[in-house]
Amino acid sequence: MSHDRVDEFLADIAASPGALTGLLDAWRPVDIGGRRRFAFVGLGSSRFAAMLVAAPLRAQGRDAWVDHASAAEHIPAADDLVLVAISASGGTREVLEVAERHRGRSVVVAVTNEPGSRLARVADLVVPLLAGQEASGIACRSFRATVAAVALLSGLAQPDELRPAVAGLADRIDGAATWLDPMVTALHGAPSVDVIAGAATLGLAEQGALMLREAPRLPAHAWETADWLHTAVYLALPGHRAVLLAGSPADAEVVATVERRGGQVVTLTPPDGAGITAALVTSVVPELIAAGLWQKADAIDKEP
């Protein structure tokens, strides 16, 4: 029954601080031979996690990009390239195919929750996620572990810089009773939801929308904040709902536009600071919202 999966999902989320602590405690530097060009490939949550790392790497002037592992135009292998192949299961066919094409030329790093997987065997180096088994089958801990592992691997962050995220996650999860219900109530009954974030944190919006699709089965789509005003505004009709991950100069205009058209915006404010630590903490909020909406749907289904 779906309510059993809701409980499993909540348990998976609750184990996030401990899983992140385990990853940070176990982290050892990965020798990529001084290479500074990174190509990240994955699908779904794996790709969304890499988006959160590639953007700040580019802001530092480094070559870093994210691609669908299924892209028809293949990333060319190169001696100075680190190909970061991301698959929590270690068995995603498209990721394996890219890793195999780069083997022997690029440095192939497997980021996976299964260090004995085929992907790990193909790679030159393996970064284990140590996220544990997610009983719900929904990538929550493994998403956060991927964000952290890829940030550490690329040199964007060091373990001690990410440790505040452990306490931040615990605070968000343990304190959910004080903030979650109004957000769930605001979104309950929505025909669809836009999840909106600035370009640097678009990976959070993509992951948040996925959580709403995968858990309560709610039509949800991710948008970049300023781009929403040019491309998605046409569907902001009375009753429209949006989740806004604050931080873009276009935030106020999006909120005003939705509210002027008779809709409602749920705004998620990141914790103090910025960067990967803030992203790790913020990522748990859409998951808890999704679980809350799932519980509401279950309760309605059980009504006589």
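Listed values, structure above:
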{"item": "Solvent exposure of the chain as accessible area per residue, Å², 1.4 Å probe", "result": "43 Å²"}
{"item": "Helix 251-260 vs. the chain, principal-axis angle (Cα, 0 to 90°, nearest 10)", "result": "30 degrees"}
{"item": "Cα-based shape type of region 226-304, given that a ≥ b ≥ c are square roots of the gyration tensor eigenvalues and the cut on a/c is 1.5", "result": "oblate"}
{"item": "Rel. contact order, % - alpha carbon contacts under 8 angstrom, at least six apart, region 11-76", "result": "31 percent"}
{"item": "ARG58/ARG28 FRET efficiency (R0 35 Å; Cβ-Cβ; nearest 0.05)", "result": "0.85"}
{"item": "Relative contact order (percent, whole number), region 1-133, Cα cutoff 8 Å, 6+ residue spacing", "result": "22 percent"}
{"item": "Among beta bridges that DSSP assigns inside the chain, antiparallel share in %, nearest 5", "result": "0 percent"}
{"item": "For region 38-182, average projected area of the Cα convex hull in nm²", "result": "10.0 nm²"}
{"item": "Rounded accessible area of ASP63 (nearest 10 Å², 1.4 Å probe)", "result": "80 Å²"}
{"item": "Proximal charge balance of LEU125 [Cβ under 14 Å; K/R count +1, D/E count -1]", "result": "+2"}
{"item": "Net +/- balance of residues flanking VAL284 in space, Cβ distance below 12 Å, scoring K and R +1, D and E -1", "result": "-1"}
{"item": "Cα-based convex hull, region 207-270, per residue volume (Å³, whole number)", "result": "84 Å³"}
{"item": "Charge context of GLY137, other residues only, Cβ under 15 angstrom, K/R +1, D/E -1", "result": "-4"}
{"item": "Segment GLU73-ALA256, length gained on full extension (0.36 nm per residue, minus Cα span)", "result": "61.9 nm"}
{"item": "Surface share of carbon and sulfur [accessible, 1.4 angstrom probe, percent] for the chain", "result": "54 percent"}
{"item": "Contact order relative to length of the chain, as percent, for alpha carbon pairs under 8 angstrom and 6 or more apart", "result": "19 percent"}
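The values are calculated or read from the model by the stated rules, or taken from the named source; none is laboratory data. Remember, predicted model here, so these are calculated numbers, not experimental data. Glycine gets a Cβ as well: all are built from the backbone with ideal geometry, and neighbour counts include every protein chain shown. When the accessible area is computed, the model is the full protein with side chains, heavy atoms only, and any ligands, DNA or RNA have been set aside. Shrake-Rupley method; radii C 1.70, N 1.55, O 1.52, S 1.80 Å.
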